[in-house]
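Trainee: Okay, here's the structure, questions in a sec.
Readers should treat all values here as calculations from the given coordinates under stated rules, not as data from a laboratory. Computed from a prediction, not measured in an experiment: that's the story for all the values here. Cβ coordinates were reconstructed from backbone atoms using ideal geometry, including for glycine residues, and neighbour counts include every protein chain displayed.
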Amino acid sequence: MHRLINLAIIIIMGLAGYALAIHFDSQKPPANATNTAIQAASNQTIITLKNQKAPDFSFTDINGQQYTLRDFKGKKIIINFWATWCAPCIHEFPQLLDIAEANPDDLILIALSSDINDEAIHKFLGKLEKQQDITWQAPNILIARDEKQRITQGQFQTYRLPETYIIDKEQNLHTKIIGANWTSEEFQRILKLIK
Amino acid sequence: MKTLIALLLLLVSSLSYGGDFGLIGVQHQGRTKPLESYARIIHKDITGNERGALQWLAQTLFDPTTAAQEPLFPIKDPLIKQRLSLPEKQKLFSLIELQKAMISIAPQLEKLLSDPPKKPSKQEQRLIELHDQMQELNQLLRSFSALLPLNIDMPADYQDIPPTYRALLAYENDIREQLKTLIREKGEDPTLYTDDEKKLAFLGYSLQQIGASGIDNRVLRVIPGSANPEHLLAPWEAITSGEASPATAQHFKMWEDMIAAYQADQTLPEIKIDAPWRFHLERLTGRIKPFNIALALYALALLLYFKPRFSILALGSGAAIHAIAIVSRIIILDRPPVGTLYESVIFVSLICAFLAFLLRRAPLAVPAGAFTAALLLTIAPALLGSGDNMDMLVAVLNTNFWLATHVLCITAGYGVCILTASLAHIALLPNYKKLAVPIYRLSLAALLLTALGTALGGIWADQSWGRFWGWDPKENGALLIVLWLIWLLHGRYSGNLDTRAFHAGVATLNIIVALAWFGVNLLSVGLHSYGFTTGLATALTAFCTIELIIIGVLWRRYKNA
């Protein structure tokens, strides 16, 4: 009888101990409650990335100048994947040019187009300058054609346009924006967060 | 000795079968599980068994054309075969065969699916089930259609590009522009095209078809998302949602390599991945099926009734393996062991076996414990709602604190009640009056656990639903057990119930527990009705009737003795 009672007491105490341990454990904030989750919940099109180094790539801009991504270490970089035939890309393009113009010293905009030829890009930019009085000739704005989507799809796995990556000064991927559903204020806020 | 070593080697080789392919994580029904568990669940759902599930999944994913022709769907009902004009003697049918056969009943099937009858006939139910399973398999066959090599002749301009949808997507615009020019120059009649132009037109058409059929494919979530790698995406989802990132490339490459390896020699791809150890544990328990081993040992304990020492050994080993299996489930699911009706049954079964082992010196306690434990383990699989026996919890139960206290306490109470009731049956037999003492003590333990469990339930209800007691059917059931035990014990103390009546009353506890445990779920009302299982009513009625007859017969025999 005593053995049974002792056993019952041990089991009940064990259960209580286990329950208390779980209870106190559940009081702690979850380990993965970070900025990411909050941002993802409030706006599905903006994703905060972590622990991902931006893959290096080389490109030739529409003026014939050659660059690699690593040339811009120490500056914040916006990589925009776009095309002249993509309506949302054209919608967001002037806003991106404005943001780059407003931050001439520490921001580089690299706009990689999936167009088949350079002609389409020149035509689009000419029209843009005439209609909206926007310049794309600033030294921190680099527009290039990504032939066969070598960088867009091959390296960045971007299958749908537009997509925009924001890269920090250490060349880590910081934020990914899917589509053109963002505001300049949101963009500026993200840029301010980046070191 | 040599045989033993050979057997051990066989066991080890069977446990490492398939390399790490089965350990790849897949998000399914609310949790991430190893691919091997996923394969078992889906294969069992379609075929009714788990044999060769992983090999089947590899073929389904990597060689869908062949997989669609494999006989997989069992159809026994001659009426369904007749309705679908299928050969009478054939037992298994392939997806292709069924798709062709279903065309003949398409309008009836459409009506059945859009407006299902309240009480569908067996045939109608099987047809709906078949339709759902075929749809799931169809989706599964297309999971990797973006990564599988296209079986077409490539036009000269694209010979050097890997012939997959994913690789060709970068050239989609070029292809589209080329086709536009072609149509402008030569029109839409392909007979006017050169061979290479025909190839180009067919490539454009194929890409469009594959893209359209894959766009909503979300069934196999295996690619880590870029924002949260724990959130897994289906391959098509990663391509179409924009949630891929440079890191996704390596995952696509891993799957493309596996596809190439499988298509080369039709064997499971040999890969090395760093899987969490709970996946290893889940795969191991999935392969050795510890509950079946425990069940076999309980049956052995019954068979060895005349060799008490061996019988005790079998029961003890069974209970140990049973306990290890339950602890494994706690680790795998990261939550207390009792959250579903199925889990409550396997837990109560362990309590019965464990208590019987403790009471092993009492007459017939070991066979009684082995019998109840084995019986409960046998009926447990019938209570599974879905194919996965590691289901996620409904929201109301998803609080570890109360699951670990109230639910464990009350189910442990059920376990003690059932073993006590089983012993009480035996005590009604002549010559087993010695059992009176353990039965009395066990009934006290049962009262303690059920009363404590009920009170804890009240506190949980107060926190969760805002009231301590609401005369909910499950609460009433728990109260009924407590009141029944209190009444019996008081009757015994006051002398109003003699030993026979007390034992008969305790034996009836089985019926009360069964009603409180399963009966409430049948009502499908009240706040506790989350474990609703169809087809339980008949079994429960039969159990109660048989129990009453047995107790009645024992009562009369006792009286006559």
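Trainee: How do A:THR84, B:THR372 line up, fewest other C-beta atoms within 10 Å first?
Mentor: Details: A:THR84 20, B:THR372 25.
Going from sparsest to densest Cβ surroundings: A:THR84, B:THR372.
Trainee: Using +1 at the C-beta of Lys and Arg and -1 at the C-beta of Asp and Glu, which of B:LEU408, A:GLN157, B:GLN139 has the Cα lying farthest in the positive direction of the dipole of the protein assembly as shown?
Mentor: Sorting the options by dipole projection puts first B:LEU408.
Trainee: Taking GluC sites (Glu not before Pro) as exposed when DSSP calls them loop (any state but H, G, I, E, B) and at most 13 other Cβ atoms lie within 10 Å, what is the longest stretch of chain B free of them, the sites themselves excluded?
Mentor: Between the exposed loop sites, the longest stretch runs B:271-561.
Trainee: What is the log10 of I(q)/I(0) for the stretch B:268-340, computed with the Debye formula using one identical point scatterer on each Cα and no solvent, at q = 0.21, 0.25, 0.28 Å⁻¹?
Mentor: So the normalised log intensities work out to -0.89, -1.05, -1.17.
Trainee: Span-like helices, chain B: DSSP H, alpha-carbon axial extent 24 Å or more, mean Kyte-Doolittle -1.0 or greater, which ones?
Mentor: On the way: long enough: B:122-141 (28 Å, -1.06); B:195-214 (28 Å, -0.36); B:248-265 (26 Å, -0.51); B:308-333 (37 Å, 1.61); B:341-358 (26 Å, 2.26); B:408-427 (28 Å, 1.69); B:436-465 (42 Å, 1.01); B:473-494 (31 Å, 0.59); B:536-560 (36 Å, 0.94).
Passing helices, by number: B:195-214, B:248-265, B:308-333, B:341-358, B:408-427, B:436-465, B:473-494, B:536-560.
Trainee: Could you give me D for chain B, from Stokes-Einstein at 37 °C and 0.692 mPa s, where the hydrodynamic radius is the Kirkwood radius over C-alpha pairs? Units µm² s⁻¹, please.
Mentor: The estimated diffusion coefficient comes to 119 µm²/s.
Trainee: Considering the dipole of the stretch B:329-474 built from charges on the beta carbon (Lys and Arg +1, Asp and Glu -1) around the Cα centre, which of B:LEU428, B:LEU452, B:VAL345 is farthest to its positive end?
Mentor: Going by the Cα projections, it comes out as B:LEU428.
Trainee: Label point 7 Å out from A:GLN188 along Cα-to-Cβ: which residues of the stretch A:94-131 have amide N under 14 Å?
Mentor: Output list for this probe position: A:95-96, A:98-104.
Trainee: Classify the stretch A:66-195 from the C-alpha gyration tensor, please: rounded if a/c falls under 1.5, else prolate or oblate depending on whether a/b exceeds b/c.
Mentor: Details: a/c = 1.41, a/b = 1.19, b/c = 1.19.
Rounded is the answer for the stretch A:66-195, as its axis ratio a/c remains below 1.5.
Trainee: Measuring from label point to label point, each 7 Å out along Cα→Cβ, what is the B:ASP274 to B:ILE379 span in nm?
Mentor: 4.8 nm
Trainee: About the Cα centre, and with charges only on the beta carbon of Lys, Arg (+1) and Asp, Glu (-1), how big is the dipole of chain B? Nearest 20 debye, please.
Mentor: 3800 debye
Trainee: Want the number for B:GLU124 to B:THR191: 0.36 nm per residue separation, take away the alpha-carbon distance, what's left?
Mentor: 19.4 nm
Trainee: Based on the Cβ-Cβ distance of B:TRP487 and B:LYS289, what FRET efficiency does E = 1/(1 + (r/R0)^6) give at R0 = 41 Å, to the nearest 0.05? Before the final figure, lay out the partial values.
Mentor: Values: r = 42 Å, r/R0 = 1.02.
FRET efficiency, B:TRP487 to B:LYS289: 0.45.
Trainee: Sticking with this one: Report, in whole Å, the centroid distance computed from the Cα atoms of the stretch B:237-278 and the stretch A:86-126.
Mentor: 34 Å
Trainee: Taking every DSSP beta bridge that has both residues in the protein assembly as shown, what percent is antiparallel when rounded to the nearest 5?
Mentor: Close to 70 percent.
Trainee: Okay, moving on. Go from 0 up to the bin containing the longest alpha carbon distance in the stretch B:134-178, width 5 Å each, and give me the % of pairs per bin.
Mentor: 5, 20, 24, 20, 13, 9, 6, 2
Trainee: Only Lys, Arg, Asp and Glu count, each charged at its Cβ (+1, +1, -1, -1), so figure out the dipole size of the protein assembly as shown about its Cα centre, rounded to 20 debye.
Mentor: With Lys and Arg at +1 and Asp and Glu at -1, about 4860 debye.
Trainee: Also: What value, in deg cm²/dmol to 500, does the helix sum -39500 (n - 2.57) over DSSP H runs of n ≥ 4 give at 222 nm once divided by the residues of chain B?
Mentor: Helices in chain B give a 222 nm mean residue ellipticity of -20000 deg cm²/dmol.
Trainee: Among A:PHE57, B:PRO74, B:SER245, which residue has its Cα furthest toward the positive end of the charge dipole of the protein assembly as shown, with +1 on Lys/Arg Cβ and -1 on Asp/Glu Cβ?
Mentor: B:PRO74
Trainee: In the structure displayed, which of B:LYS33/B:LYS100; A:LYS53/B:LYS253; B:LYS307/B:LYS434; B:LYS44/B:LYS307; A:LYS148/B:LYS272 lie more than 30 Å apart, Cα to Cα? Each step should come with its number before you reach the end.
Mentor: Numbers: B:LYS33/B:LYS100 34 Å; A:LYS53/B:LYS253 18 Å; B:LYS307/B:LYS434 20 Å; B:LYS44/B:LYS307 39 Å; A:LYS148/B:LYS272 32 Å.
Violating the 30 Å limit, Cα to Cα: B:LYS33/B:LYS100; B:LYS44/B:LYS307; A:LYS148/B:LYS272.
Trainee: A further question follows. Contour minus end-to-end for B:ALA323 and B:ALA296, with contour as 0.36 nm per residue of separation and end-to-end as the Cα-Cα distance? Display every interim value, and only then the final one.
Mentor: Details: separation 27, 0.36 × 27 = 9.72 nm, distance 1.47 nm.
This chain segment gains 8.2 nm when fully extended.
Trainee: On a straight-distance basis, which lysines could pair with B:LYS119 in a cross-link, Cα separation under 19 angstrom, same-chain partners fewer than 8 positions away excluded?
Mentor: B:LYS111
Trainee: Charges at C-beta only: +1 for Lys and Arg, -1 for Asp and Glu. How large is the resulting dipole of the stretch B:248-292 about its Cα centre, in Debye rounded to 20?
Mentor: 320 debye
Trainee: Using the reciprocal of the averaged 1/r over all distinct C-alpha pairs, how large is the Kirkwood radius of the protein assembly as shown in Å?
Mentor: 31.1 Å
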